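Single-structure report; data block below.
The values are calculated or read from the model by the stated rules, or taken from the named source; none is laboratory data. The model shown is predicted, which means the values in this text are computed figures rather than measured ones. Neighbour counts are summed over all protein chains in view; Cβ atoms, including those assigned to glycine, are modelled from backbone coordinates with ideal geometry. Each accessible area value is taken on the protein alone, full model and side chains, heavy atoms only, with ligands, DNA and RNA left out. Shrake-Rupley method; radii C 1.70, N 1.55, O 1.52, S 1.80 Å.
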Amino acid sequence: MTCIIVDDEPLAREAIQMLVEQFSQLELIGTFNGPEAAGNFITDNKTDLIFLDIQMPGINGIEFARAISKETLVIFTTAFSEFATDSYEVDAIDYLIKPVKAERFAKAVEKAASYQKLLNADNSANNIQNVTEDYFFVKADRKMFKVYFKNIQYVEGLKDYVVMHTEGQKVISGMNIKTIFDQLPKSMFVRVSKSYVININHVDSVDNNTVYIGRAEIPIGNVYRDFFFDEYVTKKILSK
């Protein structure tokens with residue numbers, strides 16, 4: 001993957017560059033101290049992935065991410081955890097807190113690589129079929145998968161693709177998250193952000209900003225927070 005680093009702090013750019021250089025699947029093609037220079041560069045140079053700071057002079061990282069091509073993936077790198085929810089509203093691949101640990105960086109790169117492979121695949125025929133009360137069939141990777149609703153822990157959306165995380169596997173299909181959410185039973189599933197739908201029966205714990213399902217930490221979007229807490233946390237999750 002070709003990648004660039006955008007950060008207004010020289011030491012931060014250097015730290016990310018050192019991490020990037022440890023991965024043979026990453027080709028660093030530029031480092032920039034702000035979104036304006038980076039934007040001009042990616043207009044003329046195909047860029048698969050951006051390691052992007054959030055708090056910078058002028059245009060911040062969130063605004064820049066909204067403006068770039070949907071084919072370019074973004075991993076945010078920031079010293080501030082409070083921007084996590086906003087980052088997933090712009091379909092960020094991951095959100096890394098500085099100083100970035102090598103193992104956490106590796107996990108983000110692995111995720112970006114898997115999504116790039118997905119974006120490059122031909123998934124135009126993927127869809128949902130034979131919806132019943134308990135399951136549906138999902139076409140993915142040229143196969144039909146029978147997926148039981150009760151086994152879906154959560155659904156993750158990225159641009160025009162979804163990843164269904166079940167107890168035994170991940171099913172990746174070419175559709176947007178609204179399409180799949182419309183087919184899921186609302187007694188069991190709730191949308192908690194632009195990019196995530198959760199199965200309330202798999203929730204281990206919840207705080208004001210995050211739902212915890214197994215090892216997954218799922219951000220709660222501001223637009224969805226009140227409805228989620230009023231209709232699901234109070235009435236269903238806490239009453240179990």
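Scanning segment 57-90 for residues that are farther than 20 Å from Glu217 by Cα, over 15 Å from the mean Cα position of the chain (by Cα) and buried (at least 21 other Cβ atoms within 10 Å of the Cβ) yields Gly61, Phe64.
Touching a residue at least 60 places away in the same chain (Cβ under 8 Å) and not hydroxyl-bearing (Ser, Thr, Tyr) - does that describe any residue in segment 193-212? So far as segment 193-212 goes, yes, one or more of its residues are touching a residue at least 60 places away in the same chain (Cβ under 8 Å) and not hydroxyl-bearing (Ser, Thr, Tyr). Screening Ser193 against (1) out of contact with any helix residue (DSSP H, G or I) (no Cβ under 6 Å at 6 or more places or on another chain); (2) not in a strand (DSSP E or B) leaves a single unmet condition, (1). Annotation: Lys107 fulfils all but one of (1) under 17 Å from Ala216 (Cβ atoms); (2) surrounded by fewer than 19 Cβ atoms within 10 Å (Cβ to Cβ); (3) at pLDDT below 90; the unmet one is (3). Listed conditions (1) in contact (Cβ under 8 Å) with a residue 24 or more places away in the chain; (2) assigned to a loop (DSSP other than H, G, I, E, B); (3) closer than 27 Å to Ser81 by Cα are all met by Met175, apart from (3). Residue under question is Thr2, and the condition is that it be in contact with a Lys or Arg (Cβ under 9 Å, 6 or more places away or on another chain), over 21 Å from Ser81 (Cβ atoms) and among the hydroxyl-bearing types (Ser, Thr, Tyr); does it hold? Yes.
Restricting attention to segment 62-86, the residues that are within 17 Å of Leu96 (Cα to Cα) and acidic (Asp, Glu) add up to 2.
Given the criteria at pLDDT 95 or above and open to solvent by less than 70 Å² (accessible area, probe 1.4 Å), does Ile4 qualify? Give the derivation first.
Working: at pLDDT 95 or above: yes; open to solvent by less than 70 Å² (accessible area, probe 1.4 Å): yes.
Spelling it out, Ile4 is indeed at pLDDT 95 or above and open to solvent by less than 70 Å² (accessible area, probe 1.4 Å).
When segment 1-52 is filtered for residues that are closer than 17 Å to Ala92 by Cα, touching a strand residue (DSSP E or B) at 6+ places or on another chain (Cβ under 6 Å) and assigned to a loop (DSSP other than H, G, I, E, B), the ones remaining, listed by number, are Met1, Thr47, Asp48.
Looking only at segment 196-210, residues that are part of a loop (DSSP other than H, G, I, E, B) and modelled with pLDDT of 90 or more come to 3 in all.
Looking only at segment 148-159, which residues are in contact (Cβ under 8 Å) with a residue 24 or more places away in the chain, outside any strand (DSSP E or B) and open to solvent by 20 Å² or more (accessible area, probe 1.4 Å)? Once the filter is applied, which keeps residues that are in contact (Cβ under 8 Å) with a residue 24 or more places away in the chain, outside any strand (DSSP E or B) and open to solvent by 20 Å² or more (accessible area, probe 1.4 Å), segment 148-159 yields Lys150, Lys159.
Evaluation of Leu184 against the conditions (1) surrounded by 16 or more Cβ atoms within 10 Å (Cβ to Cβ); (2) part of a loop (DSSP other than H, G, I, E, B); (3) without any contact (Cβ under 8 Å) to a residue 12 or more places away in the chain shows that the sole unmet condition is (3). Here Lys117 fulfils each of the conditions (1) of a type in the set (Lys, Arg); (2) within 14 Å of Glu156 (Cα to Cα); (3) over 12 Å from the mean Cα position of the chain (by Cα) apart from (2).
Residues that are open to solvent by 20 Å² or more (accessible area, probe 1.4 Å), touching a Ser or Thr at 6+ places or on another chain (Cβ under 7 Å), assigned to a helix (DSSP H, G or I) and not aromatic (Phe, Trp, Tyr) do not occur anywhere in segment 127-143.
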